[in-house]
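S.K.: Below: one structure in structure tokens.
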Amino acid sequence: MRSLFIFIDFPPIGGGISSFNTNIIKHLPPEQLVIMAPTHNGFQEATKGLSGKLYFYPYYRECPPKHKLRDLWRIIRYAWPIIQKEQVGIIHCSAPLLTGPAGLFYRLVKGIPYIVYTYASDVTRPQSSRLKKYLLKLVLKKAARIVTISEYTKNEIVKLGLRPEQIVKMIGIDPAEFSGIAVDTEKARVKYRLAGKKVLLTVSRLVDEKGLDTVIRLLPEIKKKHNNIVYVVTGTGSDLESLKKLSMETGVADSVVFTGFVTLDELRQLYDLCDVFIMLSRPTDKQEIEGFGLVFLEANMYKKPVVAGNIGGVPDAVADGVSGLLVDPLDLAAATQAVEKLLGNGDLARLLGEQGYQRAVSEFAWDQQIKKLTAVIAEIEQEIK
């Protein structure tokens with residue numbers, strides 16, 4: 001039986017959700033895969049080499065909210081001939097409100113079961129609107145199964161009236177993307193003038209919920225004991241100028257490096273040379289919440305200890321005292337203390353980094369995680385026979 005995956009976040013779009021979607025495709029049998037993905041700029045080059053039958057549809061990611069209904073209808077319309085041609089038996093909807101209603105439509109019209117994938121904010125954010133909350137609950141309740149990435153999001157779904165046994169938790173990392181790859185950190189050290197420096201690293205979108213301003217605010221205190229500290233921020237986003245301004249206002253502009261977008265090779269160099277990985281994600285008034293944080297596992301794969309905000313799905317990604325340190329992301333003193341603890345205790349930093357690596361490989365390897373999804377697909381196939 002063939003599965004149709006309808007994606008929104010997919011290469012060349014970056015981020016944790018896109019990586020999650022790509023790894024699902026990489027680890028399922030190609031003969032079972034039919035993929036609908038958006039025509040983002042550079043999509044043809046970025047999707048070369050991926051398995052399965054690929055179909056592309058126009059999707060305007062930044063369109064006004066009033067056009068979302070139009071985009072949803074476009075997804076439904078594009079999917080119809082694909083479902084017929086490829087004899088699709090299960091539909092996989094990569095976002096509950098952006099693609100989930102398409103699954104619901106085909107469940108009602110053609111009797112095709114669907115699986116919904118959820119992360120965090122896509123469950124919490126719609127609850128501020130009565131209409132969106134109703135549609136969210138309907139999409140989830142009619143789904144054959146729900147896949148989510150953390151205990152936090154699973155609990156949020158259960159609060160909506162869903163049965164826990166309907167929900168499957170799955171998130172992973174591919175060790176093959178990290179092991180056996182030579183990394184020349186000297187290039188990044190020279191480019192960003194990091195020779196002889198202690199390096200804090202964040203890899204994320206530059207947006208409010210990631211808490212990058214909190215890290216900048218703790219640097220003056222850190223510099224009292226570690227004058228050679230440098231905070232490297234890798235990523236792009238709407239908060240870049242405000243973060244640059246904050247670094248000047250706090251007197252640490254010479255200790256903060258904004259790299260912008262980097263290549264995969266350079267990203268590996270930065271992970272490998274950093275001393276501590278830090279991301280203090282926090283809740284916002286827009287109901288954005290960190291669903292997991294794949295970057296924490298990526299840092300662990302380089303045997304780096306992490307400091308993280310203890311919110312949302314982050315405790316699934318970071319085992320406190322095992323792979324890193326969890327703190328209240330709104331408590332500047334606690335975050336400062338955690339960073340100083342790791343910078344000042346090399347043995348502890350190495351221990352957490354090594355334990356984090358072992359945990360990432362043993363608990364989150366995709367070749368193990370994907371078995372959960374293949375089992376779900378097999379169960380659904382049996383149910384519809």
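Just so you know, all these numbers are worked out from the coordinates, no wet-lab data involved. Keep in mind the model is a prediction, meaning the values are calculated, not measured. Because the Cβ atoms are built from the backbone with ideal geometry, glycine has one as well, and the counts that use them run over all protein chains shown.
S.K.: Arrange the following residues from fewest to most other Cβ atoms within 10 Å of their Cβ: 350, 77.
M.R.: Exposure proxy ranking, most exposed first: 77, 350.
S.K.: What residues have an amide H closer than 5 Å to that of residue 256, excluding those fewer than 5 places away on the same chain, when H is modeled at 1.01 Å from N in the peptide plane?
M.R.: Residues meeting the amide H criterion: 231.
S.K.: For each of 116, 257, 215, count neighbouring Cβ atoms within 10 Å of the residue's Cβ, then give the residues from fewest to most.
M.R.: Ordered from fewest to most neighbouring Cβ atoms within 10 Å, 116, 257, 215 come out as 257, 215, 116.
S.K.: Fewest first, what order do 265, 174 take by the number of other Cβ atoms within 10 Å?
M.R.: Lowest to highest Cβ neighbour count: 265, 174.
S.K.: Expressed as a whole number of Å, what is the distance separating the alpha-carbon centroids of the stretch 204-276 and the stretch 334-350?
M.R.: If you average the Cα positions of each part, the centres end up 17 Å apart.
S.K.: Here's another thing I want to ask about it. With a sphere of radius 12 Å drawn around the Cβ of residue 161, what net charge do the other residues whose Cβ falls strictly inside it have (Lys, Arg +1; Asp, Glu -1)?
M.R.: +4
S.K.: Another question about this same structure. No solvent, one uniform scatterer per C-alpha: report log10 I(q)/I(0) for the stretch 176-364 via the Debye equation at q = 0.11, 0.15, 0.19 1/Å, two decimals.
M.R.: The computed values of log10 I(q)/I(0) come out as -0.43, -0.84, -1.45.
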